[in-house]
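Visitor: Here it is: the structure, laid out below.
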Amino acid sequence: MEMITNKEIATTIIAQIKHGDKWFLPAIGATNFTALPESKEYAGGVMFKCNGIKHKSFVKIQLKWIDTYVISFIKKNGDLIKLVEDVYCDELIRILDYIEGK
């Protein structure tokens with residue numbers, strides 16, 4: 001069985017977001033994409049900075065071992081603003097719309 005790297009997981013998450021809306025990431029000013037490491041709870045993930053209407057800070061999307069995502073909206077000082085668990089790939093855009101105040 002071939003191991004999937006942290007970068008491949010991050011790239012897949014970004015591709016899933018683009019599949020839902022190819023202009024979403026540019027629209028929220030997403031930059032500084034970082035692949036997240038594997039842990040006991042997570043297979044990996046991606047973190048990025050955004051500049052949305054409502055949320056102007058960081059978003060962390062982590063892939064759980066059960067193939068659902070945990071999305072964290074984080075302030076610049078590291079404080080958690082909002083946490084959404086058990087998100088499926090086809091729900092990413094709907095949840096991430098929080099950045100734009102929707």
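Here, each number is a calculation from the coordinates, and none is a lab measurement. Every value quoted in this text rests on a predicted model; they were computed, and no experiment measured them. With ideal geometry, Cβ positions are generated from the backbone for all residues, glycine too; neighbour counts draw on all protein chains shown.
Visitor: For Tyr98, work out the one condition from (1) without any contact (Cβ under 8 Å) to a residue 40 or more places away in the chain; (2) of a type outside the set (Val, Ile, Thr); (3) surrounded by fewer than 19 Cβ atoms within 10 Å (Cβ to Cβ) it doesn't fulfil.
Guide: (1)
Visitor: Still on this structure, please answer the following. May I ask you to list pairs of residues, at least six apart or on different chains, whose Cβ atoms are under 7 Å apart, with the first in the stretch 15-26 being free of Cβ contacts under 8 Å to residues at least 60 places away in the same chain and the second being surrounded by 14 or more Cβ atoms within 10 Å (Cβ to Cβ) and aliphatic (A, V, I, L, M)?
Guide: These pairs meet every condition: Lys18/Leu25; Leu25/Ile17.
Visitor: List the helices (runs of 4 or more DSSP H) that sit entirely inside the chain and contain at least 2 residues that are more than 13 Å from the chain's Cα centre (by Cα).
Guide: 6-20, 24-27
Visitor: Moving on to the next point. So, Ile66, is that one touching a residue at least 24 places away in the same chain (Cβ under 8 Å) and either surrounded by 15 or more Cβ atoms within 10 Å (Cβ to Cβ) or more than 22 Å from Gly78 (Cα to Cα) (or both) or not?
Guide: Spelling it out, it is not the case that Ile66 is touching a residue at least 24 places away in the same chain (Cβ under 8 Å) and either surrounded by 15 or more Cβ atoms within 10 Å (Cβ to Cβ) or more than 22 Å from Gly78 (Cα to Cα) (or both).
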